[in-house]
Amino acid sequence: MITTAPAVDTTTKTTPVTSRKTFDPKASALTTLTWILCIGFFFPVLWMVLTAFKQEKDAATPTPKLFFAPTLSEFHSVLGSGVGTAILNSLFATVVSMILVLLLGVPAAFALSLRPVRKTRDALFFFISTKMLPIVAAIIPLYVIVGKIGMLDNIWTLIILYTSMNLPIAVWMMRSFFLEVPGELLEAASMDGASLWTSVREVILPLISPGIAATALICVIFSWNEFFFAVNMTAVQAQTVPVALVGFMSSEGLFYAKLSAASVLAALPVVLCGWIAQNKLVRGLSFGAIK
């Protein structure tokens, strides 16, 4: 009779090793320095927001007041002074110019990347060379031309200028995003019978949508904050937010609470756009960084 020996458990039980975090003075010092820098950069914004909810007597005190009764009176005063029209002008000029930049920049970037044209380097250099000329050197001929055609103090003048200002940057950014897309995708789509427009619309554009969002947000920021063209080409009807903010600095003095309230209203649309598109923005700015 054959008897089988009981199986011997050869597995050894290991006790879990608990890792203890050692104190690293360099890492702690770097973390502390980072927090100090972040707080230092954010503190002016926080102080602006707090001042916007103060009355002028509380905002103009020699000793800063941290405890006060919040009020919305300065916001009502700012909106009643005509800043609402300037916000609408900036919103219209920013959105329309951004759409035009994308409509012109996406095909141009595609033609310079996945479907390169002749003398691609010359075209790219031409785009970027337009940013080398200082704006102050071109403002006089631009002002004369705009005045001759009767387009001074017209919002469409700013739209054209903002489009031409942002288009070179958009083409260069979008081209870098297109270059990260494998060309084999277009070949596979064409073999399946898809046309070029169908391949771009259903294959390429969904892949680079984070890059489009990042480019659009940068164009929005540049257009919304632009001051030099707006202050020279507009007066009343096409006045934008940066020009309207200058009106709160008068010879009578600085109205800190009112200026802070106007600044909060001016910064709010861009902050909301960045917050809404933050996921695509992070993906777009890091597009192609890791392969």
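Okay, here's what the table says:
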quantity	calculated
Identity of the residue in the range 222-272, under 14 Å from the mean Cα position of the chain (by Cα) and surrounded by fewer than 19 Cβ atoms within 10 Å (Cβ to Cβ), that ends up nearest to VAL45 (Cα to Cα)	ALA267
Of all residues making up the range 131-152, the number that are β-branched (Val, Ile, Thr) and loosely packed, with under 13 Cβ neighbours inside 10 Å	5
Residue ID - nearest to ASN89 (Cα to Cα), chosen from residues in the range 241-264 that are hydroxyl-bearing (Ser, Thr, Tyr) and modelled with pLDDT under 85	SER250
Candidate set: the range 96-121, residues that are touching a Ser or Thr at 6+ places or on another chain (Cβ under 6 Å) and modelled with pLDDT of 85 or more; chosen: the one farthest from ALA189 (Cα to Cα)	SER97
Any chance THR34 is free of Cβ contacts under 8 Å to residues at least 24 places away in the same chain and either surrounded by fewer than 18 Cβ atoms within 10 Å (Cβ to Cβ) or within 30 Å of LEU196 (Cα to Cα) (or both)	yes
Residue count, the range 220-240 (criterion: at pLDDT below 90, among the hydrophobic types (A, V, I, L, M, F, W, C) and touching a Leu at 6+ places or on another chain (Cβ under 9 Å))	2
Residues located in the range 220-273, provided they are among the charged types (D, E, K, R), in contact with a Phe, Trp or Tyr (Cβ under 8 Å, 6 or more places away or on another chain), under 23 Å from PHE75 (Cβ atoms) and not in a helix (DSSP H, G or I)	none
Residues that are over 18 Å from PHE178 (Cα atoms) and touching a residue at least 12 places away in the same chain (Cβ under 8 Å), drawn from the range 102-150	THR130, LYS131, ILE135, VAL136, ILE139, LEU142, TYR143, VAL146
Hits in the range 268-291 (condition: more than 30 Å from ALA137 (Cβ to Cβ) and either touching a strand residue (DSSP E or B) at 6+ places or on another chain (Cβ under 7 Å) or modelled with pLDDT of 80 or more (or both))	LEU268, PRO269, VAL271, LEU272, CYS273, TRP275
VAL49 vs. criteria in contact with a helix residue (DSSP H, G or I) (Cβ under 7 Å, 6 or more places away or on another chain) and either on the phi > 0 side of the Ramachandran plot or in a helix (DSSP H, G or I) (or both)	yes
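The values are calculated or read from the model by the stated rules, or taken from the named source; none is laboratory data. Because the structure is a prediction, the values reported are computed rather than measured. Here the Cβ is made from the backbone with ideal geometry for all residues, glycine too, and neighbour counts use every protein chain on show.
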